[in-house]
Each structure stands twice: as C-alpha cells, then as structure tokens.
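**Q** The following block contains the structure, expressed as structure tokens.
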Amino acid sequence: MLIPFESFENYIEEKILSRGFSYFEDSQVNNLVEIKPGNYEAQVLGSDEYCVKMVLEEGLIVKHSCDCPYDYGPVCKHMVAVLFAIRETSIKSMNVNEVSKVKNRKPLYQQVEEVLVKIPDVELRKFIQENCTKNQEFRNTFFASFSDLVECQNKDYFAKQIQSVLNSAAGRDGFIGWAEMPRMVRAMEPFLDHSQSFYNNSDFEKVFYFNTALLEEMTAAFEFGDDSNADIGYHIDFAENMLYQLANEDLPEELRITFFTYCLTSFQKKIYEGWNWHLSMLNIAKNLSKNEDEADEILKLLETVNGKYEIEEAQSIQLSILRQFKDEDEVADFIEHHLDNPAIKRSEIEKAVKHKNFKKAKEICKDGIEHNKIDKPGLVTEWYNWLLKIAQTMKDSEEIIKYARILFIDSFRNEQDYFEVLRAQIPREDWPGFVQDLLSEIKNQHGRVKNELLTKIYIKEAMWKELLSYLKINPYLQNLQYYEPYLATDYTPDLLKMYTEQISKYLSKNVGRNHYQTACGYLKRMKNLGGVAEADELIKNLREQYNNRPAFMDELNKI
C-alpha cells in the first residue's frame, strides 16, 4: 500500500503510531542517512537495535522495511519513529535559520560521491583489498555484490561464499542467534539478486550451481541457527523454487543430465532427509526426465520412501511418471491399488467429473467417506463437497438438499453458503418447518459449533428474540459486541444491562492498562448505543470502587 508521507498518521494504527512517536521523542532513532535521493536508512533502539529502510517517491512512501520480528501489520513502531525523524529533518532543512547546519549535513550519497571522485584509483583498490583481507563482513558484501564478475563461478565457489556469510553472522559459539539473522539476510540479498539475473539471462549453469549450493548450505544452517523468523526457511524456499523453474526450462543436454543426476544422488545420499525438499528432489527429477529408463530410475527410488504422508506424496509422483511413460493398463492398475491416497482419489474425481462420468465420481466420493470417516473428518468434508457439486451439476434437488444439510451441520470448512443452498431448494411454504427441524437437530448436538450454527440461523432468519435469549445465556463481552448490531434496534435496554454487568465482572478479574483500555472501549460502546446515563453511572461506581488504580483512572478520564 502506498502511503502519503505528509499524512502518514492517517494510515497507521493509533497504538503503533503512539509507540513510534515515543521512540522518536526519546531519541531512539540513530544514524538516519539519505543513502540516495528519497532512500533513507536508520537504526532504531528497542529491545534490540533494528535497521529501518524507507523509500519516498513523489510524496509517497513506496517501500518500507524493518528487520524486527513484528508481523501483525504493514508498519511497525520502529518505521513510525523513522518517519517522524525524516519529517523533522525535512522541516529543519526548509527553515532558513538552519541553513548553516544543513550545509554541514549533506546526504550520505552526496558525501560518498564527493569522496569517490577525489580518491585515486590505486588508493581505492588498495582500500578495497585491505578491507577484504581484514574485514570478513566487508569481504562478504564485496563478493556478493560483484559475484557475477568472477570468472570461476562453480558450485564450490558459491558454497564458500555462502559459508562465509553464515560464519560472519555466527557468534563466538558458532551459533547464529535471532538478533544476528537480519545481518545474514542482508548479506545474502545480492546473491539472490544475481541468481535471478542469471535465470533471466538464461545463464542456467550458474542458476544450478548457486541454488544447489544454497539449498545444501542453508539446510546445514538449521543446525546452528535460530530460524524462529523463518529466515533460513526463506532461502530454502528460494532455492527450491528456482530449481523447479530451472527443471522446466529447455536446458542443454549436458546440464540436464548433471541436474538429473544431482537430484537422484542427493536423494540416495539422504542429504535432505527429514525435510520436505528431500522428496522434492525426485519431483524435480521427474520434470527433467526424458525417457523411460530415467523414469524407471525415479520410480525405483520412490518405492523406498517411508512415512505415511511421504508415501502418499511419492505415490502422486509415481502416478504422474506412469501417465507420462507407461501404458494405460499400468496406469489404471496403479490407480486401482492406490485409490485410498487422497491426492489420487481427488484426481480421479476431477477426471470423472470432467468427462461427465458422474456415477463413477460419486462412487469414488462415497468410498472416500467410508474410508476416512473415523480418522480424517477433513477429507470426509471434501468428499461430501464433491457430492454436493455433482448434485448441483446434475440439478438433482433431492441430493442437493441431502448433502447441503450434512455439510451445514457437520462441516468445519465451508466452500459454499450451505444454508442459502438449502433455502434455494426448499419450497417457500415448507421453509419455516424445515428451519425448525434443522434447529431441533442442532440443539441436540454439543460443543462450540452448535452455538455458531444456531446464531447463524437466528441472524439469517431475523429471529432476534431467540438471538437475545442465546446472548443472555452467553453474555460475554465479545459476544455482546458481535451481536449488538443485530439487536440494538429492539433490545437496547437489555444490551446496556448486560454490558454493565459484564464490564464490572471483567474488571473484578483483570488488572493492567491493557485491560482498562478494553473496559473503557466497552463503556464507549454503551454511550454509542444511547446509554450515556447508564455508562456515566457505571463510571461513577467504578471510580469509587477502584480509586486505588491510577492507570484505570487515567483511562476513564479519556472517555
């Protein structure tokens, strides 16, 4: 999302904005520099030191990033702190009284350019050579940035460069902690960019060398790195995706054979055993195979796979290979003996439906329901959904009602609005009785799903009295807030009474500013409902009851 810089406060959550401003006011933003026009970088001190990057173009924030672990929204408090710092810098630079200061505070990119122009080439080379020798992080950045200029770029070369980056990020104990991971990610960025450039320029050999090296080194890094932010996993995914893309290219035969052999060998040597990409090697090899002999090599290895889910995935790869290289009888025989595999079953249902062989499709679905009813309710739901879609395709009203009713009551994954599907099939004069029968059946059930279904029907059928009765039995604050819009017109006094009771109960069990803010939020809802007098009376009582909680008194003052 593009955010206007001059009014960024209007686009950021109030809580994040407030915390970011506090960081800015407390001078927690350090080393703010304009690397090049509109490109800013700064360090922000929080529970750790975080690197924030901002790109402004034509008055808009077009890019922003922070290496903190916050992932609940697009902008974190550290980014907000930097935005305030950039604004302050911009305002000062326009102040005529600050001209002398601005002259001595040129943007970083200008300072760098002025120095580079003055340095003789010999001195610059000497500086780079000396720092590459004594500073490992500088050396990593240098080789990562210009790795495409190195003549001998084989797998060993890339492996050593990646190892160097990992080693420089590791602490004295050889472990890459959570705080060091962002440094590793930044150092690897140029390598990933070069890999993409290699691919775009059809330099497929380098793509193969780099990404096999990356996959191996990052897999090994799980042993000495904290991947709680999935930084290592990100590089694994990058390498695996690049190898899949590469396998679908028209490769030179020598490289294709090398690549194919690597996939088989890495699987045989169990380089990636225990990880998802262990089996991916055979899937990639499948995409590279050109003849039946190569297919047989893969099939032989697939027979050695262990583990329930791994075997199911292996069988799907086997079927794909059989369809490509074997005759129809062998394919049909394999399917018949492995139809308990959900992926194969799904594929056969899709195939039968596509060819309008609905009888066969229904038989497969019913077999799946019977086979999975004890231990795999998710798959049972999927097979029922297929039966419903088949019935809809065939315009079979009786079966549509049958399966939509089952799915409405028992499904926890809704592909359609089953209630509306039922409404469309039941004659209008029969609908009220059908709904009452449905409610009776649901009321005999137990658990959370029962209440969800009941309230869903109450809302869809505008059964507000029944919804209010449910709410009086379950008057939790979250429920009150959720169902308030449906009941406010006719039952405001009841809602206000329940709010009063539940807010008081909530405060009797919870202490702390966050809880006080929550309670005050519900007090505001009472006022918005028209219960100003009721809310004020409750606030008065709460002030008397909790006058020893200054944080709560502070929050009440904000209402």
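Derivation of every value follows stated rules applied to the coordinates shown; laboratory data play no part. Since we're looking at a predicted model, the values are computed, not measured. Don't worry about glycine lacking a Cβ; one is built from the backbone with ideal geometry, like all the others, and counts go over all protein chains shown.
**Q** So what is the relative contact order for the chain, in percent, with contacts set as C-alpha pairs under 8 Å and at least six apart? Intermediate values should be presented prior to the final figure.
**A** On the way: 518 pairs, mean separation 27.7, N = 559.
Rounded, it is 5 percent for the chain.
**Q** Continuing with the same structure: Provide, for q = 0.09 Å⁻¹, the log10 of I(q)/I(0) from a solvent-free Debye sum over equal Cα point scatterers in segment 177-313.
**A** Ignoring solvent entirely, the Cα scatterers give -0.29.
**Q** Under 12 Å from a point 7 Å along the Cα-to-Cβ line of GLU6: which residues of segment 44-59 have their amide N that close?
**A** Counting backbone N atoms under 12 Å from the label point, the list is 59.
**Q** Sticking with this structure for a sec: Using the charge dipole of the chain (Lys, Arg: +1 at Cβ; Asp, Glu: -1 at Cβ; taken about the Cα centre), state which of SER289, PHE204, ALA187 has its Cα farthest towards the positive end.
**A** The Cα lying farthest towards the positive end belongs to ALA187.
**Q** Considering only the other residues whose Cβ falls under 11 Å of the Cβ of MET526, what net charge follows from Lys and Arg at +1 and Asp and Glu at -1?
**A** Numbers: positive: LYS497, LYS524, ARG525, LYS527; negative: GLU484, GLU534, ASP536, GLU537.
So the environment of MET526 carries a net charge of 0.
**Q** Once the other residues with Cβ under 12 Å from the Cβ of ASN357 are scored (Lys, Arg +1; Asp, Glu -1), what is the net sum? Let's see the in-between values first.
**A** On the way: positive: LYS351, LYS354, LYS356, LYS359, LYS360, LYS362; negative: GLU348, GLU350, GLU363.
Within the 12 Å Cβ shell, the charges total +3.
**Q** Roughly speaking, what is the stretch gain from GLU13 to LYS290, that is 0.36 nm per residue apart minus the C-alpha to C-alpha distance, in nm to one decimal?
**A** On the way: separation 277, 0.36 × 277 = 99.72 nm, distance 5.51 nm.
Answer, rounded to one decimal: 94.2 nm.
**Q** Which whole-Hz couplings ³J(HN,Hα) result when phi for each residue of segment 394-408 is put into the Karplus expression 6.51 cos²θ - 1.76 cosθ + 1.60, θ = phi - 60°, listed in order with x for Gly and Pro?
**A** These are the phi-based 3J(HN,Hα) values: 7, 6, 8, 4, 4, 6, 4, 4, 4, 7, 5, 5, 4, 5, 4 Hz.
**Q** On to the next question. Would you pull out the residues with amide H under 5 Å of ALA170's amide H, same chain only if 5 or more places away, H placed 1.01 Å from N?
**A** none
**Q** Continuing with the same structure: Hey, can you grab everything whose amide H is under 5 Å from the amide H of ASP67? Only 5+ residues off in sequence or another chain; H modelled, so Pro and N-termini drop out.
**A** Residues meeting the criterion, in which the H sits 1.01 Å from N, are CYS51.
**Q** For ALA343 and ASP417, what is the calculated FRET efficiency with R₀ set at 22 Å and r taken between the beta-carbons, to the nearest 0.05?
**A** On the way: r = 28 Å, r/R0 = 1.25.
Once the sixth-power term is evaluated, E becomes 0.20.
**Q** Where in segment 295-313 does the amide nitrogen come within less than 20 Å of the point 7 Å from the Cα of GLU273, taken along Cα to Cβ?
**A** 298-313
**Q** Please list the non-local residues whose amide H lies under 5 Å from the amide H of ILE3, H modeled 1.01 Å from N, same-chain partners needing a gap of 5 or more.
**A** Those lying under 5 Å, H to H, from ILE3 are ILE61.
**Q** Then there is this: What is the Rg over Rh value, at two decimals, for segment 138-249, using alpha-carbon atoms and the Kirkwood definition of Rh? Each step should come with its number before you reach the end.
**A** Details: Rg = 13.4 Å, Rh = 14.0 Å.
Rounded to two decimals, Rg/Rh equals 0.96.
**Q** Report the per residue volume, in Å³, of the convex hull enclosing the C-alpha atoms of the chain. Walk me through the numbers before you get to the answer.
**A** Values: hull volume 139.8 nm³, N = 559.
Cα convex hull per residue, to the nearest whole number: 250 Å³.
**Q** Quote the charge dipole size of the chain about the Cα centre in Debye, to the nearest 20; the model charges only the Cβ of Lys and Arg (+1) and of Asp and Glu (-1). Kindly include the intermediate steps, with their values, before the conclusion.
**A** Working: 68 positive and 91 negative charges, 461 e Å.
It works out to roughly 2220 debye.
**Q** Ok, one more. When only alpha-carbon atoms are used, what values of Rg and Dmax, in angstrom, describe segment 472-557?
**A** Looking at segment 472-557, its Cα Rg and Dmax stand at 12.5, 38 Å.
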